[in-house]
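One structure below.
Readers should treat all values here as calculations from the given coordinates under stated rules, not as data from a laboratory. The structure displayed is predicted, hence computed values, not measured ones. So basically every Cβ, Gly included, is an ideal-geometry build from the backbone, and we count neighbours across all protein chains shown.
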């Protein structure tokens, strides 16, 4: 909130049954997002750092949700993953984050 004006608000409504990601036909195109390396740079000028966030998708439970986002007075709606491949969902799973490492020039990711 800046002053008395909210910047961001969100509402989520779960629907349908919760289950493993494999039970959602729209999940396969989204899965690669959860398998990417994180590349970051401190203040855009520091060294490049790599981290791996490992999502245990074989142990995951997910559920489609409808999302409504209010951002600076504009409203956005995201239907659930059951309706569209880039839909909204709730995901519960164990995960681990690797220690960050420095990326060397020419290193293959």
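A protection proxy built from the mean count of other Cβ atoms within 10 Å ranks the segments 83-91, 28-36, most packed first, as 83-91, 28-36. Estimated from the Cβ-Cβ distance and a Förster radius of 25 angstrom, the FRET efficiency linking residue 68 and residue 40 is about 0.25. Each part reduced to its alpha carbon centroid, segment 56-90 and segment 1-40 end up 5 Å apart. Measuring r between the beta carbons of residue 14 and residue 102 and using R0 = 35 Å, the FRET efficiency lands at 0.30.
Is the C-alpha gyration tensor of segment 40-104 telling us rounded, prolate or oblate? Criteria: a/c under 1.5 is rounded; beyond that, a/b larger than b/c is prolate, otherwise oblate. Oblate, since a/c reaches 1.5 and b/c is not below a/b. What is the gain in length, in nm to one decimal, between residue 56 and residue 95 on full extension, counting 0.36 nm per residue of separation less the C-alpha to C-alpha distance? In short, 13.5 nm is gained.
When a/c reaches 1.5 or more, the comparison of a/b and b/c decides; with that in mind, is segment 1-53 rounded, prolate or oblate per its Cα gyration tensor? Cα axes put segment 1-53 in the oblate bin. Computed from these coordinates, which is log10 I(q)/I(0) by the Debye sum over Cα atoms at q = 0.13, 0.22, 0.24 Å⁻¹: [x] -0.84, -1.12, -1.19; [y] -0.41, -1.26, -1.52; [z] -0.72, -1.06, -1.14? Recomputing log10 I(q)/I(0) by the Debye sum over Cα atoms at q = 0.13, 0.22, 0.24 Å⁻¹ here gives the entry labelled [z].
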